[in-house]
Amino acid sequence: MIKSALITGITGQDGSYLADLLLEKGYKVYALRRRTSVPIMENIQHIENEIEFIEGDLLDLSSLINALKISNPDEVYNLAAQSFVGTSWDQPILTGQVTALGVANMLEAVRIVKPDARFYQASSSEMFGKVVETPQVETTPFYPRSPYGVAKVYGHWMTVNYRESFNMFACSGILFNHESPRRGIEFVTRKITNAVARIKLGLQNELRLGNLDALRDWGFAKDYVECMWLMLQQEKPDDYVIATGEMHSVREFCEIAFGHVGLDYKNYVVTDPKFFRAAEVDLLLGDPAKAISTLGWNPQKTTFKELVQLMVDEDMKKVKQQSNNIMSVGSRA
Ligand code: NDP
Ligand code: GDP
């Protein structure tokens, strides 16, 4: 029998990789997409015709109920969120509405329409914030450091609560930072790899960054969406830390990214106080032991160095393509 899945956050990094994976596995994929003045298609253009889109918004419960009715899914992946920590200080209320209450809306829609659907919630290592132990595991107490982190804690506990209150198959994946060429441009990794390409191609002279000493446990998004799927294939619902178990600094990321195209980051990176956080998360390091033993997951499929290099290579291609397009428009004008 063909399985069906409903994904929220389809236009984002994880939604697009998860859709690739589920389509490969033969799923019928439905995706909640909010109306925008122009379609946001960059990450999903290649599979646009294989997905059934349903218009809706995490803030609008009736649209979610409608999406559940249309898709009647076996599995629901709630990936939609206001996901950028920096923006969560500028828009704390919206972040709470989407990233926290949006989870309650999704859980309610599932409970009302399809309570036996398996539910995945995209929780975050940002919940650990000012870490109280290292490495962080599933039982590490939370100490969020941003409105985003606070909102994710609410979503996490609502997921646990719906599992315990209504016996729903609801899982929370506590994912550490994961990156890819499809990552939003404001996140530090993609900001760096895009700038490396532009500097190498003579389109930019410097890169302005904040705290170069922040440490993160960075993995590859394509490897991480596999865990989301694995969590929903288990006999029992549970929560898992997904991480590589290695941490690196923003500085190291710069060193490898610039080094990959023969440049020294010290000649281009400028520290700008504008990019320092109101409250910083100094380090995040996850212990994926439970995911390895229970899900059979391999956290080191793509190494840190491979990840940085593949992101730089993709940005080199994209930036070259963009500047070729501009030149060909210019020559026709
Ligand atoms: P992105 O920011 O790339 O994607 C977010 C998605 O949410 C977009 O599709 C966006 O749609 C959608 N969205 C935002 N607001 C709404 C709304 N009100 N209604 C419906 N859809 C909405 O995030 P990622 O793919 O990187 O992350 C996926 C999830 O995992 C997020 O919940 C994130 O917080 C969480 N997470 C991510 C980590 C990471 O390192 N990437 C780490 C841990 C957790 P639109 O295109 O229209 O804006
Ligand atoms: P986050 O872990 O979800 O906040 O992911 P980000 O990629 O946004 O940030 C990772 C770390 O990089 C944080 O500790 C930031 O303070 C640090 N950082 C340093 N400079 C920058 C910058 O210019 N932009 C962003 N987004 N982060 C930066």
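The values are calculated or read from the model by the stated rules, or taken from the named source; none is laboratory data. The structure presented is a predicted model; accordingly, all values stated were derived computationally and were not measured. Ideal geometry is used to build each Cβ from the backbone, glycine not excepted, and the neighbour counts take in all protein chains shown. What goes into the accessible areas is simple: the full protein's heavy atoms, side chains included, and nothing from ligands, DNA or RNA. Shrake-Rupley method; radii C 1.70, N 1.55, O 1.52, S 1.80 Å.
Odds and ends about this structure:
- For the chain, the longest principal axis of the alpha carbon atoms and the long axis of helix 147-166 meet at an angle near 20°.
- Pairs exceeding a 28 Å alpha-carbon distance, out of LYS191/LYS222; LYS25/LYS320; LYS130/LYS191; LYS69/LYS236; LYS222/LYS317: LYS25/LYS320.
- Residues HIS46, HIS178 ordered from highest to lowest accessible area at a 1.4 Å probe: HIS46, HIS178.
- Gained length - VAL137 relative to ASN267, 0.36 nm times residue gap less alpha-carbon distance: 43.0 nm
- In the chain, the longest principal axis of the Cα atoms and the axis of helix 61-71 are about 80 degrees apart.
- Model label points for ILE47 and GLU206, set 7 angstrom from Cα along the Cα-to-Cβ axis, are 4.1 nm apart.
- Carbon/sulfur fraction of accessible area - region 154-294, other protein chains in place, 1.4 Å, %: 49 percent
- Cα centroid separation, region 125-141 to region 170-213: 23 Å.
- C-alpha long axis of helix 102-113 to longest principal axis of the chain, angle in °: 30 degrees
- The helix-only estimate of mean residue ellipticity at 222 nm for the chain, built from DSSP H runs of length n ≥ 4 each weighted as -39500 (n - 2.57), is -12500 deg cm²/dmol after division by the residue total.
- Rolling a 1.4 Å probe across the protein heavy atoms gives region 94-174 an accessible surface of 37 Å² per residue.
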